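Heads up: the structure comes next, in structure tokens.
What follows draws every value from the coordinates through simple rules; no lab data is involved. Nothing here was measured: the structure is a model prediction, and the numbers come from that model.
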Amino acid sequence: MLRMEIALFLILAFVAFVYFSAGRKHTPLHKIFSVLLIAMLVHLAFDGATIYTVNHLDTVPLPLNNLLHRLFIGSMVLVVYLFYQYIAILVEEETGKSRRLDLAARIYLAAAELGAMLLPVHYAITEQGNYSDGIHANVCYVSMAFYLFLCVWLLLRSWKQIDRKKRFAIGAALAIEVCVSFLQGINPTWLISGMGLTLMTLSFYLTLENPDILRAELTEQKMSMLYLKSQVNPHFLYNTLDTIRIQAQLNDDKQVADLLMQLVDFFRLSVKVDRQMVALDDELELLEAYMELMCYRYPELACSYDIDPDLGGVLVPNFILQPIVENSLLHGLKNKGYRGEVRIVAQKSEQHHDRMEIQVVDTGSGFSEGAKAKIEELLLHYDKQAPKLEGNSIGILNVQKRIKLLCGRDCGLWYTENAAGGLTAHLLLPITEEEGEK
């Protein structure tokens, strides 16, 4: 059995090396999985040590044996608590529901750790091998049952809202641990608890935390960004050129040159940067070039800016605002004959000290009947949507996907209705600047 624990430790050590050496965003989910990996390695070390000491009661001092068993059981309780935390955060990210069971989970963790350190340790000696039993050993089984129940409750409560791949990963991991715990319970000399926890860890790593999977998602989003940048709405291009043609016929003067220059500026700015993240000032420069053309074409359309000067150097996803503004024009102000205003606001978030909020406020017609629910569903379950290359929602869907991937799942896009009419698009983004900037 000791050889199995050594093999499990080496496997997880290799997984931890690959995991920590891969670049990734430090989201709450990834942070808890990092802690879980470390806790599992510590637990497997205590597991292997106790397998040896419990079968050498005649040579290993009893106080040392008892201490190692207490640490073994205490680390197991911590590991299963971390599994609960990982699943709870994953479900929260998928559904948007708050983690209501956390207080109970923490209270039980404190009680179980106290029991692991203070309850009397007893050993059963059999011909098949020795093992710890009695009230102290039962802390393991009760803890496993308690946290598995919480995890199953979370899974069943939000079954339909969780992505199928993630649902499968959680379900498979829980099923594995239930089977291993059952076998350990009816065959206490097998000492296979470490195998069950290792398999749970591997199931999450292979299906959800594998760096190759995360790189594939990044590649998909980068391709979506390149697609957005490579195509400009054909109607916008044709109508702008037509506006230039008419103006040339009516007025052969500097205005034509200015309009042509604005068009050239827009295309130049849209292709000059191929980085994923750019300074907010650069993003606004591109947006201003776009809006100058639109306001020239539609004289009753206005655009204004209210930008916190301290945020000019903050990094934002490249080409993130133009699709949102274009959406406001095509689905809001178009219905009002392009009469109205688009206002761009960038300010520090009042709720999050390390976040900023960009608002795109329009005075358009607002949501059409049934559109609000569809948009909210699209943005909430953005990761369940297949990549789109056409359709009215391509812009906001790809904006949401890119924000979540590049900035973290606690950031994102959502819409609210204005009291005076029209809509406001809200983009919550982190306040980060390029190295060397303040």
Among Lys31/Lys160; Lys160/Lys384; Lys336/Lys372; Lys348/Lys374, which pairs are too far apart, with a Cα-Cα distance over 21 Å? Lys31/Lys160; Lys348/Lys374
Taking the C-alpha atoms of segment 1-56, convex hull volume expressed per residue in Å³: 58
If you average 1/r over every pair of different alpha-carbon atoms in segment 1-115 and take one over that average, what Kirkwood value in Å do you get? 15.9
Based on the Kirkwood radius over alpha-carbon pairs, what value in µm²/s does the Stokes-Einstein equation return for the translational diffusion coefficient of segment 57-188 at 20 °C and 1.002 mPa s? 132
